[in-house]
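Working notes for the structure below.
The values are calculated or read from the model by the stated rules, or taken from the named source; none is laboratory data. Note that the structure is predicted; figures quoted are calculated from it, not measured. FYI the Cβ positions are ideal-geometry reconstructions off the backbone, even for glycines, and counts take in every protein chain you see. When the accessible area is computed, the model is the full protein with side chains, heavy atoms only, and any ligands, DNA or RNA have been set aside. Shrake-Rupley method; radii C 1.70, N 1.55, O 1.52, S 1.80 Å.
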Amino acid sequence: MTTPASGSQTISETGSSLMAPLFALWGPAYHSQFSQVTLSTASSSSGVGISSAAAGTTNIGASDAYLSPADMAKYTTLENIPLAVAALMVVYNLPSVPASTNLKLNGTVLAKIYSGKITKWNDPAITALNPGVTLPSASIVLVHRADSSGSTFLFTSYMNAQDPTDWSSSLIGTTVAWPKQPGEIGATGSGGIVSSVKTTPDSISYVGVSYLSKVTAAKEGEAAVGNASGSFVLPNTATIDAALSAFTSTPANEAISLINGSGAQAYPIINYEYAIVNTSQSSTTLAQDLQAFLYWAVTSGTTQLASVNFQPLPASVVTLSEAQIAKISG
Amino acid sequence: MTASAPVVRPEGGAGQDPLPRRAVAALRAGIRNGQALRWTGAVGAVIPALALAFVLVVLVIKGWPAFRIDGWSFFSSKAWSQGNQYALKPEIKNGYELPPGAAYGALPLIVGTLATSLIALIIAVPVSVGTALAIVERLPRRLAYAVGLFLEVLAGMPSVIIGLFGAVTLGPIVAHDIAPYVARNVPDVPVLSYFAGKTGSGYGLLTSGLVLSLMVIPIIAATTRDLVRQVPILPREGALALGMSDAQTARRVTLPWVGAGIVGSVVLGLGRALGETIAVAMVCGASFGSFPSNLYDTMITAAAAIVLTLEAALTDATGYALSVLAEIGLVLMVITLLTNIGARLLVRRVSSTALPVGAGI
Amino acid sequence: MAAHRQTAGSLGQIPSVPIRRRVGNALFWGACFLALLLVVGPTLWLIITTIGKALPHFHWTAVSSDTVGAGTAGGLLNAILGTLVLTVGVLIVSGTISILTGLYLSEFSRGRSRPLLRGAYEVLAGIPSIVLGYVGYVVLVVQFHWGYGLLPAVLVLSVITIPYIAKATESSLAQVPSSYREGAEALGISQGWALRKIVIKSAIPGIITGMLVALAIAVGETAPLLFTAGWSTTNPSFALTHSPLGFLTYAVWEFSPSNSPINSANQLSYDAGLILLVFVLLLILIGRLIAARSRRYAE
């Protein structure tokens, strides 16, 4: 069904703080079109989105990470439905580096930084990538997500894809055992990352593109990230679309990593933004309203994507998403 | 005789009122006698005991799988990893599933909990006792009333607001002013190495301790004040008659007189600090899996660990993460229960104001 | 020999206070005053920053409209109403159980049962609220499939607040002079009537004070509510299950500057802190009024 039922309904959503700004826009936009449906959205983390959808405490769990094989085996009625394409930025707080300079960093360097093999900003590995930029000799302060985060999943997948020696595959996930460095900070939520980096000089971290305006306002630097072809790119429409074109076969359950796609201009850390939904709902009206909203999101909802720097799904993936949406029943 | 008060004839049989009427009459008699109150009261009084038993049973049942997997080494390990969540098959240990590579240890959590509470007590005890003495012995009645009001406000303040104060106001001051000053000027003695080193970002052990001390101070100060007020006048006058100054009287007569009560309130404050969750979660820096290297480093406590990871625990389909949290909850409960039982054996509650003297908000 | 300062007096040589003792005295009380400042100062600072961060940019929309998104716009009406609904629920459930508990322990229980039952609720008071939140989440929300809602939240909050009201009830009933009960018995009044109309009536100020404490705790709790009430940007619906509700402490935690970079959300966090502070002050005031009133009418 593509239109909601006539009775008034509240749809609850929680999960990914990366996706939260988008839901914050979708809620009022959808409500102004269908006033009987109110979206109650919250920003927590992807892990909470998956958990809550599994436990039935929310109607839509937002997640940057697709369901793990173990989760899919245990929660057989859960499906992850991509709604948009997002990207992850690497940000840092270096007052001595001008804002217009985008420091070049790649997965190998990042993996060495986060595993403690590179400890200072003026390490030869970093200066080699950035000739002409004077880097301070200060110690790098690591900031990561303390909660169960899809951003962590993306960032660790990227480090492992480019440097499996320094960052093994056992360190990929929404929560990982970060090798402890002195002064390391665990922030809560993407907002926590932005504010922790802002208040901590010489820090580095990762946060989704939906927070670009906050990052810029906080005077934090955005890194040009090295992709599989060796070029250093910033996330924008061109680079994200270039990366998307490298992944042509999304499976039916749509659980696929879009990390480190090939292509000269491809941005290496992109992902589908998923709505984790239970195919068996408690009532037919709820199922109908969920279907209607999700259909709206992948079709008319694309108008809001630009303000959070997301990209719409390719047409083939929209078809797959709609197929999954059709499975929701009450 | 009215018809509603049946006459019970010893011989029974015909002549007695029908059963419903007798039952209603018995009920009304019961209400008059207080029997109804007694029975509803008994039902009500059993409920806390049932709730307590329920909580214990749930924690033990939920924590059992993790205990079987890790055993007692859980309490001496400092691991913290949810393992390879995206592995295809779970590991099996001792009959229970867990993600490959998953490992949890409670030692950093226990150390963090005890360290923050210790710092809170070190700050709170002298400050509270001094405050109480100043209030009782020195301040005029009106000022004492006003300060008492301050203590009540501090005691009733939701801990999340104190946490906000710690994160937004105290933390930056610790990071920019206090920590660098102390770290620069502390003598280079091994014992004091905890005060030196990297001064961090304001999120860490020291800020957590400061925030906790704000919550513990009203408990100790108010109880001590009430206790000191009740010290009889005779011993104090006797001390003055012997030529002791009032400072000496306070130190040698008044305080020892209420010593047990003060210790009891300190233990109560300790219980509060041990169970505090949200304020510490906001300022601790959430560094799992390691010990703080100095006073300003980030760390984690048991309660903060639970509040930060519980809602996402179900992503671990094997149930191991959820089970570990039950184990941590049980450890926390045992620690706070021991301290609270100690407190109740020591303190005689004479508080005249409505202070919430209890543990863990 | 310690230095003495000679003081003249009509009684002749009065041994004067040695300087060392005077200084010691002054130092001691100086330290105590310093301690007093260390308590009053930060408390004032805390109150002032709580008010000062919220008041300058306070809009009435904060109390009249619901939150939009993650604090991107709107106000706190959903949270205020949610907190109120939770408070009423807690007063009803916890109040009933606790008053009955206190009543039973004070008036009826004899022998072994009294220390056992009293020990039970005192041990309950020692359980950290996060542990109760865990149990509420794992059993009520997940296992029983109640989801977030009024029922699990009120049950968990009640368990947290029962010890305070029960203790207050028990001690205020104990403080009712036994002459009341004896006089009632002498007049031939049945125990039930005496309890209801005489004893409990005299204990009401103490019971209400206990309920005010419980109110302050229920309003100020965060951790257990995060896992039983969830969060909602819509007004509470009074459905017992499957209906998350907002509450003020969530706004303080989740919209704080360390968790959210959105300025309007930060403002909501400060506003929620201000509203909570006002509420706590109100409770303290009411408590003081009741205490003063009952002192006036005391024997």
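When Rg and the Kirkwood Rh are both derived from Cα coordinates, the Rg/Rh ratio for segment B:228-289 amounts to 1.32.
Each Lys or Arg adds one and each Asp or Glu subtracts one; over the other residues with Cβ under 10 Å from the Cβ of B:Thr298, this totals -1.
Excluding same-chain neighbours fewer than eight residues apart, the lysines reachable from A:Lys327 by a Cα-Cα span under 29 Å are A:Lys74, B:Lys89.
Convex hull over the alpha-carbon atoms of segment C:60-298: what's its volume per residue in Å³? In segment C:60-298, the Cα convex hull volume per residue is 137 Å³.
Across the accessible surface of segment A:156-244, with the other protein chains kept in place and a 1.4 Å probe, carbon and sulfur atoms take up 57 percent. Treating each Cα of chain A as one equal point scatterer and applying the Debye formula with no solvent, the log10 of I(q)/I(0) at q = 0.09, 0.14 Å⁻¹ comes out as -0.45, -1.03.
The residue among B:Ala26, A:Ser262, B:Leu52 whose Cα reaches farthest toward the positive pole of the charge dipole of the protein assembly as shown, with charges on the beta-carbon of Lys, Arg, Asp and Glu, is B:Ala26.
Hey, quick one: spin label on A:Thr299, modelled 7 Å out along Cα-Cβ, who in segment A:314-330 has an amide N within reach, i.e. under 17 Å? Flagged as within label range: A:314-328.
Simple rule: put +1 on each Lys or Arg Cβ and -1 on each Asp or Glu Cβ in segment A:1-147, find the dipole, and look at A:Gly15, A:Thr101, A:Ala70; the Cα lying farthest toward the positive end is A:Thr101. Remark: accessible surface ordering of B:Tyr181, C:Tyr148 (largest first) is B:Tyr181, C:Tyr148, probe radius 1.4 Å. Of the chymotrypsin sites (Phe, Trp or Tyr not before Pro) found in segment C:40-88, those in coil by DSSP whose Cβ has at most 16 other Cβ atoms within 10 Å are C:Phe58, C:Trp60. What's the FRET efficiency of B:Ile233 with B:Trp39 using the Cβ-Cβ distance as r and R₀ = 51 Å, to the nearest 0.05? Between B:Ile233 and B:Trp39 the formula returns 0.60. The mean number of partner chain beta-carbon atoms within 10 angstrom of a residue's beta-carbon across peptide C:216-222 is 6. For C:His145 and B:Ile173, the FRET efficiency from 1/(1 + (r/R0)^6), where r spans their Cβ atoms and R0 equals 41 Å, is about 0.30. Max-minus-min Cα coordinates of segment C:56-140 on each principal axis give 60, 28, 26 Å, with the largest extent listed first.
Taking trypsin sites (Lys or Arg not before Pro) as exposed when DSSP calls them loop (any state but H, G, I, E, B) and at most 16 other Cβ atoms lie within 10 Å, what is the longest stretch of chain A free of them, the sites themselves excluded? The longest uninterrupted stretch comes out as A:1-116. Rounded to the nearest 20 debye, the dipole magnitude of chain B is 1220 debye, with +1 charges on Lys and Arg beta carbons, -1 on Asp and Glu beta carbons, and the Cα centre as origin. Straight-line reach from A:Lys198: taking Cα to Cα under 16 Å and skipping same-chain neighbours fewer than 8 places apart, the aspartates and glutamates in range are A:Glu184, A:Glu220, A:Glu222.
Which Cα, out of C:Ala272, C:Val93, C:Thr249, lies furthest along the positive dipole direction of segment C:60-298 (beta carbon charges, K/R +1, D/E -1)? Farthest towards the positive pole: C:Val93. The alpha carbon radius of gyration of segment A:42-137, expressed as a multiple of 2.2 N^0.38 Å, is 1.57. Remark: the C:Leu116-C:Asn263 segment gains 47.7 nm on full extension, using 0.36 nm per residue and subtracting the alpha carbon distance. Rounded, prolate or oblate: which one fits the protein assembly as shown, using the alpha carbon gyration tensor with axes a ≥ b ≥ c (rounded when a/c is under 1.5, else prolate when a/b beats b/c, else oblate)? Oblate is the answer for the protein assembly as shown, as a/c is 1.5 or above yet b/c matches or exceeds a/b.
Test of the criteria: in segment C:197-299, which chymotrypsin sites (Phe, Trp or Tyr not before Pro) are in a DSSP loop and have at most 16 other Cβ atoms within 10 angstrom of their Cβ? When the chymotrypsin sites (Phe, Trp or Tyr not before Pro) of segment C:197-299 are filtered for loop state and at most 16 Cβ neighbours within 10 Å, C:Phe238 remain. Applying both filters, DSSP loop and at most 16 other Cβ atoms within 10 Å, to the trypsin sites (Lys or Arg not before Pro) of segment C:87-157 gives C:Arg110, C:Arg112. The share of C-alpha pairs in chain B whose separation exceeds 28 Å stands at 59 percent.
Which FRET efficiency value, to the nearest 0.05, do you get for A:Ala323 and A:Ser168 by plugging their Cβ-Cβ distance into 1/(1 + (r/R0)^6) with R0 = 30 Å? It comes to 0.25.
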